[in-house]
Amino acid sequence: MLSVLRRSTSLVAIAVLLTACGDRDPRPTADRSAGAMRGPDPIVLRVPRAGGVARGYVYPALDSVVWRGPSVGKIDRALAFDPEAGLLAFVTGSGNPARLDLRLARVSVASRSKLTSISSANGNAIYAVDGERIRRFTPAGDWEFTPPAPPRAVIPQPDGSLIVAAREGERTTLWRMRAPDPRILDTAWLPVTGNAVRSQLGDRVYFMTDTALVGVAGRDLSVIQSVRFRAPVIAVAPTPSGDRVYVASRGAHELTVVDRYTGRTSATIDLPAASRELRMDPLGRYLLVRPVSGDSAWMIAVGTNRLIGSVATEWTTDLPAVAPDGAVATLRGADVEIIEPESLQTVRTVSGGGRDFWYFTFWNGFRARAAGLDRPVEFAPPETLVIDSAAASVTIDSSPAVPRTEPVPPPAPAPSSAGFTVSFAALLSESAAVNAAREISLRSSSVRVVATQTAGTKVYRVIAGPFAIRAEAERIGRESGRPYWVFEGEP
């Protein structure tokens, strides 16, 4: 049965790390004006695994709670995060889709029906299979659709479209649509497939078969040339840019690296033993590999395809995970240990952290608000005639009285802003980034490539802007017709 890869790659922006300060006040008072110019903050949400009060931290300050939310039941797995609305979509321990609203400090269960293939691409819309129909749950209302054949999986895309997979005889049928429009836009047929995983940008969806990896384009379901393997494919992990795909085969003591542009194997990485699960760093720096047996993780540097070594950790749906600064959060009994990735040394131990469910993301909603934003608008008083009664008793002036008014202070200057940037891709290859930029056509703006450093790795970003307001950046992103995300400031 088809199932969408469990871990959501909803992180779509790289932020400069800030140190959180303040106390346990849910509204921090620290001045973060400098951070506001550098994009969203790296944050960690933690909820007791057995259920309890949700807490928020600004990473790496894991000792300072900057937000306390409502009581949340047991979380089975996180789906995606919506930074605009501050919504974390997740699956409860009972298998129900739910949301944690960080702005309103509220938890809501989207449905209590028995559902399968629960997934989300943006944290707002949650999709699932309910018998012979597919359902979508949003805060604004729900939607459902019955496809031509019983669905087995739903794969939401970052651009708002949806791919539905069904088993029909000896083949897998795919339909592409855009809810709530009931029309089927594209159809494709594949051999019988197993699990599916999409690239972070949504431009490719990969399906695993007995001995092959088959891909389709997310835009129109055009089938991409398959790659054959000697053993069944059991795990797939694309890089965030989608330029490479890491493939684990059953029983193989190696990983195969498939080049997205040639469709061929570009490298192999020897492993100490066979693997069974791959977990990609949302920012593309490291790949975590789970061995078939044992509580450990092998770390691979994505930039060089180098096996760094092994770290001890238990595996859950949330941990181990690569933190925003590139460190690895590992689970060791009741504690969480933060590991420096290159030396594999423990740099910090969070006592009792293993009893929490962890979720790393980027958001600016925990920042202190300027005092003026929460102050009611004050208008200048109406002009009033001021009469000096003593002077009036001595002389009478027949000329028109000139009213005197209290001076109105000038408005406070608006805070400066670095604007909003539209990001289309983050690639490790300069030539691939240049080619991607050439393929994007905008009427009212230009697209450029900028080089940045992330954890010692050079990343080439395809961007447009910055623009003065977010609405303009969003308009440019939609104009491109491609997957995009908007962040505050410049790379």
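Are any residues in the stretch 324-334 surrounded by 15 or more Cβ atoms within 10 Å (Cβ to Cβ) and more than 19 Å from LEU307 (Cα to Cα), and if so, which ones?
PRO324, ASP325, LEU331, ARG332
Considering only residues that are assigned to a loop (DSSP other than H, G, I, E, B) and over 26 Å from VAL164 (Cα atoms), which ones fall in the stretch 86-125?
If the condition is that a residue be assigned to a loop (DSSP other than H, G, I, E, B) and over 26 Å from VAL164 (Cα atoms), then GLY86, LEU102, ARG103, LEU104, ALA105 are the ones that fit.
May I ask you to list the residues in the stretch 459-482 that are touching a residue at least 40 places away in the same chain (Cβ under 8 Å) and within 24 Å of ALA327 (Cβ to Cβ)?
VAL459
So VAL247 passes all but one of these: (1) in contact with a strand residue (DSSP E or B) (Cβ under 6 Å, 6 or more places away or on another chain); (2) surrounded by fewer than 17 Cβ atoms within 10 Å (Cβ to Cβ). Which condition number does it fail?
(2)
Mind listing whichever residues of the stretch 164-187 are within 25 Å of SER480 (Cα to Cα), part of a strand (DSSP E or B), among the aliphatic types (A, V, I, L, M) and out of contact with any Pro (no Cβ under 8 Å at 6 or more places or on another chain)?
MET177, LEU185
Looking only at the stretch 327-334, decide whether some residue is in the same structural domain as THR268 (by TED's automatic domain parsing), farther than 19 Å from ARG49 by Cα and of a type outside the set (Gly, Ala, Ser).
So far as the stretch 327-334 goes, yes, one or more of its residues are in the same structural domain as THR268 (by TED's automatic domain parsing), farther than 19 Å from ARG49 by Cα and of a type outside the set (Gly, Ala, Ser).
LEU319 - would you say it is surrounded by 15 or more Cβ atoms within 10 Å (Cβ to Cβ), of a type in the set (A, V, I, L, M), out of contact with any Gly (no Cβ under 7 Å at 6 or more places or on another chain) and assigned to a loop (DSSP other than H, G, I, E, B)?
Here the answer is yes, as LEU319 does meet what is asked.
Could you list, in sequence order, all residues of the stretch 135-167 that are among the hydrophobic types (A, V, I, L, M, F, W, C) and within 19 Å of LEU221 (Cα to Cα)?
Within the stretch 135-167, ALA149, ALA153, VAL154, ILE155, LEU162, ILE163, VAL164, ALA165, ALA166 meet the criteria.
Among what's in the stretch 140-159 and is not in a strand (DSSP E or B) and not β-branched (Val, Ile, Thr), pick the residue that is surrounded by the fewest Cβ atoms within 10 Å (Cβ to Cβ).
Per the criteria, the residue is ALA140.
Just to be sure before I move on: is VAL258 in contact (Cβ under 8 Å) with a residue 12 or more places away in the chain, assigned by TED's automatic domain parsing to the domain that holds PRO158, buried (at least 21 other Cβ atoms within 10 Å of the Cβ) and not in a loop (DSSP other than H, G, I, E, B) in the structure I sent?
yes
Can you find a residue in the stretch 197-211 that is surrounded by 15 or more Cβ atoms within 10 Å (Cβ to Cβ), within 29 Å of VAL462 (Cβ to Cβ) and more than 26 Å from the chain's Cα centre (by Cα)?
Looking through the stretch 197-211, none of the residues is surrounded by 15 or more Cβ atoms within 10 Å (Cβ to Cβ), within 29 Å of VAL462 (Cβ to Cβ) and more than 26 Å from the chain's Cα centre (by Cα).
With VAL336, VAL322 as the choices, which residue is modelled with pLDDT of 50 or more, touching a Leu at 6+ places or on another chain (Cβ under 9 Å) and under 17 Å from ALA61 (Cβ atoms)?
None of the others qualify; the one that does is VAL336.
Does the stretch 226-235 include one or more residues that are under 22 Å from VAL462 (Cβ atoms), assigned by TED's automatic domain parsing to the domain that holds LEU162, within 26 Å of the chain's Cα centre (by Cα) and not in a loop (DSSP other than H, G, I, E, B)?
Taking every residue of the stretch 226-235 in turn, none turns out to be under 22 Å from VAL462 (Cβ atoms), assigned by TED's automatic domain parsing to the domain that holds LEU162, within 26 Å of the chain's Cα centre (by Cα) and not in a loop (DSSP other than H, G, I, E, B).
Residue by residue, here is whether (1) assigned to a strand (DSSP E or B); (2) at pLDDT 80 or above; (3) crowded, with 18+ Cβ neighbours inside 10 Å holds:
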residue: VAL450; (1), (2), (3): yes, yes, no
residue: GLN453; (1), (2), (3): yes, no, no
residue: GLY465; (1), (2), (3): yes, yes, yes
residue: GLU474; (1), (2), (3): no, yes, no
residue: GLU479; (1), (2), (3): no, yes, no
residue: PRO483; (1), (2), (3): no, no, yes
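On the given criteria, is ARG183 of a type in the set (Lys, Arg), surrounded by 22 or more Cβ atoms within 10 Å (Cβ to Cβ) and under 29 Å from ILE134 (Cβ atoms)?
Answer is no for this residue.
Are there any pairs with C-beta distances below 8 angstrom linking a residue in the stretch 270-298 that is touching a residue at least 12 places away in the same chain (Cβ under 8 Å) to a residue that is in a loop (DSSP other than H, G, I, E, B) and among the aromatic types (Phe, Trp, Tyr), with the two at least 6 apart or on different chains, and if so which?
Listed pairs, sorted by first residue: GLU277/TRP315; ARG290/TRP315; ASP295/TRP315; ALA297/TRP315.
The values are calculated or read from the model by the stated rules, or taken from the named source; none is laboratory data. All values reported here derive from a predicted model rather than from experimental measurement. Because the Cβ atoms are built from the backbone with ideal geometry, glycine has one as well, and the counts that use them run over all protein chains shown.
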